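Novice: Take this structure first; my questions come after.
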Amino acid sequence: MPKIKAKRNKTIDTTIDEGVRYLDRCKKIDAPIKDIQEIINTTINGDFFNTVKLLPNNSIDLLIADPPYNLTKDYHGNTFSKKKEEEYEKYTREWLTLVYPLLKEDASIYVCCDWGTSLIIGRVLQDFFKVRNRITWQREKGRGAKANWKNGFEDIWYGTKSNNYTFNLEAVKIRKKVIAPYRVEGKPKDWQETKNGNYRDTCPSNFWDDITIPFWSMSENTAHPTQKSEKLLAKIILASSMPGDVIFDPFLGSGTTSVVAKKLGRSYLGIELNPQYCIWAEQRLEKAQANTSIQGYVDGVFWDRNSLSEQNAFNGNENGNLEKADQICIEYDELELVNPQNLLED
Ligand SMILES: C[S@@+](CC[C@H](N)C(=O)[O-])C[C@H]1O[C@@H](n2cnc3c(N)ncnc32)[C@H](O)[C@@H]1O
């Protein structure tokens, strides 16, 4: 009997016909590409290690990589097996060596990892790039361990190829309620006074606690086992690229990087081994054509988690013009804690 989907489960479904159509849009590359424009805004279905050698040098403005972490994990039939530390280091060196020449001199790179993989990636990345920061993302959810601390965070290493790079601070400020409203000559100092409260757009730190994993109540969710949230990608892309820039994801998964790049007016390119994930990427890209909203990023502002009522009040809305999914997400934040289906595998 087919499983009945819960009413609020918004996880993307694909019929066989749709799957065929979406896969048809993906590219396979078997000859060198001279100009990145020939291949821009596509999903490449193939093995990164074979395909990347065919891409043109000096063509990428921002690289976002979310490689398989050093854990045994089944990516719908393709299993990544946990390697010895030296082997994972070799694997990391290998893919970094291959992407390095593709990046422009003023390009930036972000690499996602869990705490164990972070020890290796942080070290290796320094041999290639100027490492500028380690972002810690408190994703909270994770499977509890019997004799260890639960994995509640991931790292995102940030580096640049040179000292000449893009960083758009204003684009990634976070709107927070002002706790101590400081005034100079009676006027608010760096904060806004509204009838619904006082707010300040604050500089974002390298500790990100305002982003959830995608819940099944969110319309961006697919069945990919390690999908990242669009809000997380939005921060990276807005901070480290300009409209029109080329953003490349060598381990695309369900397409989050490409989808957010498209929503934010950037060009994109991604490689993914698994055809099913390429299908989801293309399906999401099609949806992004009509709906460019990014949950948690509203009218050019990043808001804290579960702040829908504040967002509405700030914007003077009773019900708000925000996606219904925002509301549902709040409820599911709590529900998720008791629903084992939603626990991430570590
Ligand atoms: C951690 S996931 C990326 C998830 C992605 N950030 C998202 O939001 O969906 C890593 C992805 O790399 C893919 N992958 C692993 N080895 C690959 C290879 N050699 N070439 C291309 N893709 C590969 C896996 O199939 C998996 O989807």
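Novice: List the pairs whose first member sits in segment 271-296 and is in a helix (DSSP H, G or I) and within 13 Å of the ligand (Cβ to nearest atom), whose second member is modelled with pLDDT under 95 and of a type in the set (G, A, S), and whose Cβ atoms are under 6 Å apart, counting only residues at least 6 apart or on separate chains?
Specialist: I279/G19
Novice: For segment 9-36, which residues satisfy the criterion of being outside any helix (DSSP H, G or I) and either within 22 Å of the chain's Cα centre (by Cα) or surrounded by 15 or more Cβ atoms within 10 Å (Cβ to Cβ) (or both)?
Specialist: Correct list: N9, K10, T11, I12, D13, T14, C26, K27, I29, I33.
Novice: Being surrounded by 22 or more Cβ atoms within 10 Å (Cβ to Cβ) and β-branched (V, I, T) is the filter here, so list the residues in segment 213-235 that pass it.
Specialist: The answer is T222, and nothing else.
A quick yes/no check of all residues on (1) near the ligand (Cβ under 10 Å from one of its atoms); (2) within 23 Å of Y277 (Cα to Cα); (3) without any contact (Cβ under 8 Å) to a residue 24 or more places away in the chain:
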{"position": "I39", "(1), (2), (3)": "no, yes, no"}
{"position": "I44", "(1), (2), (3)": "yes, yes, no"}
{"position": "V52", "(1), (2), (3)": "yes, yes, no"}
{"position": "D61", "(1), (2), (3)": "no, no, no"}
{"position": "Y100", "(1), (2), (3)": "no, no, no"}
{"position": "S118", "(1), (2), (3)": "no, no, no"}
{"position": "L125", "(1), (2), (3)": "no, no, no"}
{"position": "K130", "(1), (2), (3)": "no, no, no"}
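Novice: Here's another thing I want to ask about it. Which of (1) within 13 Å of the ligand (Cβ to nearest atom); (2) within 26 Å of Q289 (Cβ to Cβ); (3) out of contact with any helix residue (DSSP H, G or I) (no Cβ under 7 Å at 6 or more places or on another chain); (4) not charged (D, E, K, R) is the odd one out, the single condition H76 does not satisfy?
Specialist: (3) is the only condition that H76 fails.
Novice: Can you pull out the residues in segment 79-98 that are within 16 Å of the ligand (Cβ to nearest atom) and more than 30 Å from N163 (Cα to Cα)?
Specialist: The answer is T79, F80, S81, K82, K83, E87.
Novice: Tell me which residues, restricted to segment 244-281, are among the small types (G, A, S) and either over 18 Å from S108 (Cα atoms) or surrounded by 24 or more Cβ atoms within 10 Å (Cβ to Cβ) (or both).
Specialist: Those that are among the small types (G, A, S) and either over 18 Å from S108 (Cα atoms) or surrounded by 24 or more Cβ atoms within 10 Å (Cβ to Cβ) (or both): G253, S254, G255, S258, A261, G270, A281.
Novice: Another question, if that's okay. Quick one: is A147 touching a Leu at 6+ places or on another chain (Cβ under 7 Å) and not charged (D, E, K, R)?
Specialist: Here the answer is no, as A147 does not meet what is asked.
Novice: Please specify each residue of segment 110-159 satisfying the condition of being at pLDDT 95 or above and of a type in the set (A, V, I, L, M).
Specialist: The answer is V111, L119, I120, I121, V124, L125, V131, I135, I156.
Novice: Which strands (runs of 3 or more DSSP E) sit wholly inside segment 185-261 and have at least 2 residues that are away from the ligand (no atom under 15 Å from the Cβ)?
Specialist: Passing ranges, in order: 192-194, 197-202.
The values are calculated or read from the model by the stated rules, or taken from the named source; none is laboratory data. The shown structure was predicted, so the numbers you read here are calculated from the model rather than taken from an experiment. Don't worry about glycine lacking a Cβ; one is built from the backbone with ideal geometry, like all the others, and counts go over all protein chains shown.
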